Ligand SMILES: Cc1cc2nc3c(=O)[nH]c(=O)nc-3n(C[C@H](O)[C@H](O)[C@H](O)COP(=O)(O)O)c2cc1C
């Protein structure tokens, strides 16, 4: 955690896909952020085994789980950028949350968390956002509510070749959200 007034935000992307719109959205964040906010990509949850208490009991927490937990603990806040799968949280991301939640000092407690979603469908991942809010509320995060960033019909909002965000209203939404999230982080963390 930074002590100089600058805010270190860890970004967790819910998609592992190389050409992911959500990863592209996550990459665009620095362009629209207040100058005191910086973003760091989280260590991947792609290698986590499917949660099984027997693994936890026999060999302990996998190193990848500990790496992500440490990164979350070290950050001032989290930004989760994710698609929705079948109207909910993608399985890999939910599995990561399940592993992290079993740690003795689970790393989400007291963290300010904001979410963004991009999806091909009409609701742009909004249903995933509600489900994520539900899961993380039980883990005692400080959930940031509004303004929301929901990117629907994602293929129409990014350059087909470069995956750069091209949609002006989406850019404005992100700017407004990050400005408000900065204030929210300072309010709840006292930084
Ligand atoms: C398993 C699966 C389930 C999906 N379910 C939804 C859905 O419920 N709503 C939606 O808008 N898109 C859904 N999609 C389409 C995604 O929005 C699309 O694949 C998107 O590109 C995924 O995000 P990404 O580009 O960051 O990987 C689904 C895709 C997959 C692979």
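Computed from the coordinates by the stated procedures, all read-outs in this text should not be read as laboratory data. Given the structure is predicted, the values throughout are model-derived calculations rather than measurements. Cβ atoms come from the backbone with ideal geometry, glycine included; neighbour counts cover every protein chain shown.
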Point to revise | Per-residue [θ]222 nm for the chain (sum of -39500 (n - 2.57) over DSSP H runs n ≥ 4, rounded to 500) | key: -12500 deg cm²/dmol
Check your understanding: With contacts defined as alpha carbon pairs under 8 Å and 6 or more residues apart, what's the relative contact order of region 133-191 in percent?
Key -> 32 percent
Review point. Rg and Dmax of region 130-191 over Cα atoms: what are they, in angstrom?
Key: 14.6, 42
Study note, to complete from the structure: A chain fully extended from residue 70 to residue 179 at 0.36 nm per residue, minus the present Cα-Cα distance, gains in nm 36.6 nm
Check your understanding: Per the Cauchy relation, a quarter of the hull surface: what is the mean projected area of the convex hull of the alpha carbons in the chain, in nm²?
Key -> 10.4 nm²
Point to revise | Volume in Å³ per residue [convex hull over Cα atoms, computed for region 21-76] | key: 90 Å³
**Study point:** Candidates 122, 25, 78: whichever shows maximal mean-square fluctuation once the chain is modelled as a Gaussian network with Cα springs under 10 Å
**Key:** 122
Check your understanding: Which FRET efficiency value, to the nearest 0.05, do you get for residue 131 and residue 162 by plugging their Cβ-Cβ distance into 1/(1 + (r/R0)^6) with R0 = 30 Å?
Key -> 0.45
Practice item. Enter the Cα centre distance for the pair region 119-191 and region 47-66, rounded to the nearest angstrom. Key: 30 Å
Review point. Can you give the FRET efficiency for residue 171 and residue 18, using 1/(1 + (r/R0)^6), R0 = 22 Å, r = Cβ-Cβ distance, to the nearest 0.05?
Key: 0.40
Check your understanding: What list of whole percents do you get for P(r) of region 83-191, with Cα-Cα distances grouped in 5 Å bins up to the one holding the largest distance?
Key -> 2, 12, 18, 20, 19, 15, 9, 3, 1
